[in-house]
Every structure is written in structure tokens, then in C-alpha cells.
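Following: one structure in C-alpha cells, then a few remarks.
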Amino acid sequence: MKATRIKAICVNALMLVVGCVIYAVGIGLFLDPNNLCPSGVSGLAIVINHWIKHFCGSSPLSTGAIIAIANVPIMTLGVWKLGWRFFVSTIIATFAASGLIDLLQSLFPPLTAEP
């Protein structure tokens, strides 16, 4: 029984990482460089980052960092409504995806210049 529980946790963690990589590639290498904004926190972070760059010349925060910061109040509400198990997987996914967005943007050029 215990081995199946560990296997289930490992499979869930692997799927979480795969989802974060796919999300980070989409945001970091396609949407953000081409000034395309999805809905939700990601779109808000892209708009804020480009707005700061437009008015200040450069942004002290990356898109991934803004996504992580903007998700903190949402995660707080999630813990209150959905519990700590939700929080653990959400915080791992949020910070993994945010870090991957910044890492991918620094390592690779945009996938296309034709949005």
C-alpha cells in the first residue's frame, strides 16, 4: 500500500513539472516576447512588465517574478478555502513555472517573431 502511495506522489510530481515546462515555454518563449497577453495572472504580469519597461526604460522584475508575486494573494485564499494540500502543490508549481519562464527567456531566443 505504501509503495503505491509513493508511486502516485512521484507521478503527480512528474506531471506537475511537465505542466510547468509546457506553461513556461508558452509564456516565456512565445507570448511574452511577442507582446501577447493571455488572461489571468500571466497576462497581468506581461502587461505590468511591459508597462514598467515602457515608462521606466527597464523593469527591475522579470515576468516570472511578477507572476510569482501576483499569485501570493491567490494562494493565501486557496489555503483558506481548499487546505494545505492544495497549497503545497500550488506553491511548487507557481515558483517552478516562474523560475522556468525566466530561465528559458535567458537561455533561448523567442520561438517566433510573427505573433
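The values are calculated or read from the model by the stated rules, or taken from the named source; none is laboratory data. Everything numeric in this text was worked out from a predicted model, so none of it was measured. Quick reminder, even Gly has a Cβ in these numbers, built from the backbone with ideal geometry, and neighbours come from all protein chains shown. With ligands, DNA and RNA removed, areas are computed over all heavy atoms of the protein, side chains included. Shrake-Rupley method; radii C 1.70, N 1.55, O 1.52, S 1.80 Å.
Observations, loosely collected:
- Among (1) surrounded by 11 or more Cβ atoms within 10 Å (Cβ to Cβ); (2) touching a residue at least 40 places away in the same chain (Cβ under 8 Å), the one test that Ser42 misses: (2)
- Where Thr90 falls short, out of the listed (1) out of contact with any helix residue (DSSP H, G or I) (no Cβ under 8 Å at 6 or more places or on another chain); (2) open to solvent by less than 70 Å² (accessible area, probe 1.4 Å); (3) at pLDDT below 95: (1)
- The condition (being assigned to a helix (DSSP H, G or I) and open to solvent by 40 Å² or more (accessible area, probe 1.4 Å)) is satisfied by just one residue among Ile67, Ile74: Ile74.
- For the range 50-64, the criterion of being among the polar types (S, T, N, Q), under 18 Å from Leu100 (Cα atoms) and assigned to a loop (DSSP other than H, G, I, E, B) is met by at least one residue.
- Residues (open to solvent by 90 Å² or more (accessible area, probe 1.4 Å) and under 15 Å from the mean Cα position of the chain (by Cα)) located in the range 16-37: Ile22
- Those residues of the range 77-87 which are surrounded by fewer than 15 Cβ atoms within 10 Å (Cβ to Cβ) and either modelled with pLDDT of 90 or more or in a helix (DSSP H, G or I) (or both), in sequence order: Leu77, Trp80, Lys81, Leu82, Trp84, Arg85, Phe86
- Of the residues in the range 63-81, at least one is in contact with an Asp or Glu (Cβ under 9 Å, 6 or more places away or on another chain), more than 17 Å from Gly26 (Cβ to Cβ) and not polar (S, T, N, Q).
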